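Notes follow the structure.
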Amino acid sequence: MPDLELRHLRAVCAIAEEGSVTKAATRLGLTQPAMSAQLRTVERIIGGQLFERTSGGSVPTDLGRQVVGTARLVLDEVGQLLSSARERTRDPARGPLIVGGVPLLFFGTFVEELRKVIPCSEVRSEITSGSSELLELLAAGQVQLAVFDRFEGMEQRELRGIEVRTLVTEPQFVALPDWDPLGEQEEVDLAQLADRDWVAPPAEQIGQRVQIFQACADAGFTPRLAHHVNEAGTARTLVAGGAVSFAAAPSRSGDGIVIRPLRGAPLKTDLLVATRREGPAAGRAHDVFACAARAYRSILPRNPGYARWWEEHPEAHADLDAALVVSSR
């Protein structure tokens, strides 16, 4: 009979927190079959079923809740032990912390938060135009941690030595010219945009291409992608001139455009935090996640409409909220 290992504890905690074996596999840099095999191994060792598969995902059994609770305590203790030991042996000035990201409104604040808690000689940034490219840099060790959005095909990537956690599930809003009559509405129905010219990134940089086209198809149209732009300032000027585009929920209205939620939130994006288990951030994944949580929370006032949505949908940011509570103690 194999022994219970820390990787097994990380696996059951990830499944409980993500509510899905597939998402837990992505978070821990494993394939879905490998994660399923780890779960079966743990259940054989424990001697009982830890999760039930439901329409809402993987839900812990009574035994599962007990095991997950104990596993979290053990992992926290081990994490503190390793962090303390590394602090004693590590030279904080030995090298830079290289932070990767895609263009995100909270990235600058995230870097400032990291400066306060991660010992290193300096903090550098690498911004890529797409999440797929960023993930390659992370896997190659060219960045030590990163924030980015989930993209189609990500689950097929093998990311050993990297922990990935969902920071928040963010609804896609829409950007309209400020003279557009639809901007007077509190919410915009996606079907109302069927006849518009759309601003979008180049095809290879659209991380949710299938989801976007499916949502538009469900609304009865195929989006007319008239402008392919990968720079926010140019995109905003095109919208101000009469086009429309999807927009990050914390985006701010102004300079000729308004940001409005889509009725029913037909499109959502998972924002992820990934940390390598080696390098300056080794053993500090929880601290990194808390830095991202504080940075993201700080930009909510940019869009009052999103702030309202945030209050109405606590399930979209449960882990972020929990990290803020822990970090404030």
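The values are calculated or read from the model by the stated rules, or taken from the named source; none is laboratory data. The structure displayed is predicted, hence computed values, not measured ones. Neighbour counts are summed over all protein chains in view; Cβ atoms, including those assigned to glycine, are modelled from backbone coordinates with ideal geometry. Note: accessible area is taken over every heavy atom of the protein model, side chains too, but ligands, DNA and RNA are not part of it. Shrake-Rupley method; radii C 1.70, N 1.55, O 1.52, S 1.80 Å.
For the stretch 254-274 versus the stretch 199-223, the spacing of their alpha-carbon centroids is 14 Å.
For the stretch 175-236, the relative contact order works out to 38 percent when only alpha carbon pairs closer than 8 Å and six or more residues apart are counted.
Applying 1/(1 + (r/R0)^6) with r as the Cβ-Cβ distance of ARG7 and ALA226 and R0 = 51 angstrom yields a FRET efficiency of 0.55. Net charge dipole, the stretch 224-329: roughly 160 debye, given to the nearest 20, about the Cα centre with Cβ charges of +1 for Lys and Arg and -1 for Asp and Glu. For the chain, the solvent-accessible area with a 1.4 angstrom probe is 48 square angstrom per residue. Overall, the accessible surface of the chain at a probe of 1.4 angstrom is composed of carbon and sulfur to the extent of 50 percent.
Contact order for the stretch 1-64, expressed relative to its length and based on alpha carbon pairs under 8 Å spaced 6+ residues apart, stands at 30 percent.
When the chain is treated as a GNM with alpha-carbon contacts under 10 Å, the residue of VAL111, VAL102, VAL229 showing the greatest mean-square fluctuation is VAL229.
For the options PHE110, PHE221, PHE148, a Gaussian network treatment of the chain with springs between C-alpha atoms closer than 10 Å singles out PHE221 as fluctuating the most. Under the convention that each Lys and Arg Cβ holds +1 and each Asp and Glu Cβ holds -1, the size of the dipole of the chain around its Cα centre is about 940 debye. Equivalent-ellipsoid semi-axes for the stretch 167-261 (Cα gyration tensor, √(5λ), whole Å, largest first): 18, 16, 14. For a paramagnetic label modelled at 7 Å from the Cα of ALA191 toward its Cβ, which residues of the stretch 263-294 fall within the zone defined by backbone nitrogen distances under 18 Å? Residues 263-267 fall inside that zone. Three semi-axes describe the equivalent ellipsoid of the stretch 176-329; taken as square roots of 5 times the Cα gyration tensor eigenvalues and ordered largest first, they are 31, 18, 15 Å. For the stretch 116-244, build the charge dipole from Cβ charges (+1 Lys, Arg; -1 Asp, Glu) around the Cα centre, then report which of LEU225, VAL239, THR128 sits farthest towards its positive end. The one lying farthest along the dipole's positive direction is THR128. If R0 is taken as 22 Å, the Cβ-Cβ distance between GLN32 and ALA318 corresponds to a FRET efficiency of 0.45. Measuring nothing but how far apart in sequence close Cα pairs (under 8 Å, 6+ apart) lie, relative to its length, the chain scores a relative contact order of 21 percent.
The helix-only estimate of mean residue ellipticity at 222 nm for the chain, built from DSSP H runs of length n ≥ 4 each weighted as -39500 (n - 2.57), is -13000 deg cm²/dmol after division by the residue total.
Using R0 = 30 Å, the C-beta based FRET efficiency linking ARG160 and VAL325 works out to 0.45. Electrostatic bookkeeping for LEU63 treats Lys and Arg as +1 and Asp and Glu as -1; over the other residues with beta carbon under 12 Å from its beta carbon, the sum is -2. For the peptides 60-68, 259-267, 239-247, the ranking by mean Cβ contacts within 10 Å, running from highest to lowest, is 239-247, 259-267, 60-68.
A simple spin-label model places the labels of SER129 and LYS116 3.5 nm from each other, with each point 7 Å out along Cα-to-Cβ.
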